[in-house]
1. I'd like the accessible area for E198, computed on protein heavy atoms only with a 1.4 Å probe and all protein chains in place. Round to 10 Å², please.
2. What FRET efficiency comes out for H197 versus E93 if R0 is 30 angstrom and r is the Cβ-Cβ distance? Round to the nearest 0.05.
3. Could you work out the relative contact order of the range 160-234, using alpha carbon pairs under 8 angstrom and six or more residues apart, expressed as a whole percent?
4. Sort 258-264, 33-39, 55-61, 226-232 by packing, meaning the average of other beta carbons within 10 Å per residue, with the highest value first.
Amino acid sequence: MRAIYATDLSAASDAAIENETCLDCLERIGVDEIHLLTVVPSNVHPGMPGMDLEQRRERGLEAYKSVMEAAGFDVETHVVRGTPYRRINGVAETVRADMAVVGSRGQSPLANRVIGSTARNLARTTVVPLLVNRVEREADDPEVVREHLFQRLLFATDFSENAERAFGAFNYLRHATEEATLVHVRSPKDELDVDPHERLGELADTLAQWDIDTRTVVKDGDPAEEILDVEASVTPTTTLVGSRGRSRLRRLMLGSVSEEIVAGARGNVYLVPPPRTAGYKLL
């Protein structure tokens, strides 16, 4: 598998990239090639006084590259200009990445709603499965919040095609997964022709074949709020969820469950979007 690893070379990025357990988790799910990417803001120009930003970022990427190569990955580096989430998506398509990884300090939900963040913008627009690797919010020398990225998964499903596609990620995530919690939130708009407990039970049976200990939860209420409540109570290392892939304008206006989970989750989030094109392969 080929991964894009986006970094701003901050202390938060240091914590995520230099954590041996996180890197081991990526290797266990099949990642063997990493494209390290940093984006220089388009309003910063080489001729500006003191702005040797590209050179400094190239040096920073080389240091990260050494860490990842020592962990056994093939690594390429990219320094590009523009808007971070747009360039991350662009490079992901160009190199035909299977997933993207971005660190996030997990700003307060209010800050995310008002000004947005690279992680939240990627949640709206990502073209490949996106891992938001949560880092401590306030610490000067931060650590990753939950090291074992895929050891304990919370899978949220509305039984849609998008959710089914996200569940398919267990085909490779299972190599690093020991426990899973499957949750469905009922709402008045549900048009299910079977009992959600039965549907979750079928998914749990699939995971049991891979020796993953599984529990199921059915709740009623607002999907994002209830999923985040379950996340707080079972403390998974990562929450797995599918994206509906609406148009970006509609998502900016209305938001989505997946965006609210990316903004509000305490731990990591793995977001699986719809295929970008008919010919684009998701593992």
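1. In the full protein context, E198 sits at about 100 Å².
2. After rounding, the FRET efficiency stands at 0.15.
3. Relative contact order of the range 160-234: 38 percent.
4. 258-264, 33-39, 226-232, 55-61
The values are calculated or read from the model by the stated rules, or taken from the named source; none is laboratory data. Please read these numbers as outputs of a predicted model, since none were measured by experiment. Every residue, glycine as well, gets a Cβ built from its backbone with ideal geometry; the counts of neighbours run over all protein chains shown. Each accessible area value is taken on the protein alone, full model and side chains, heavy atoms only, with ligands, DNA and RNA left out. Shrake-Rupley method; radii C 1.70, N 1.55, O 1.52, S 1.80 Å.
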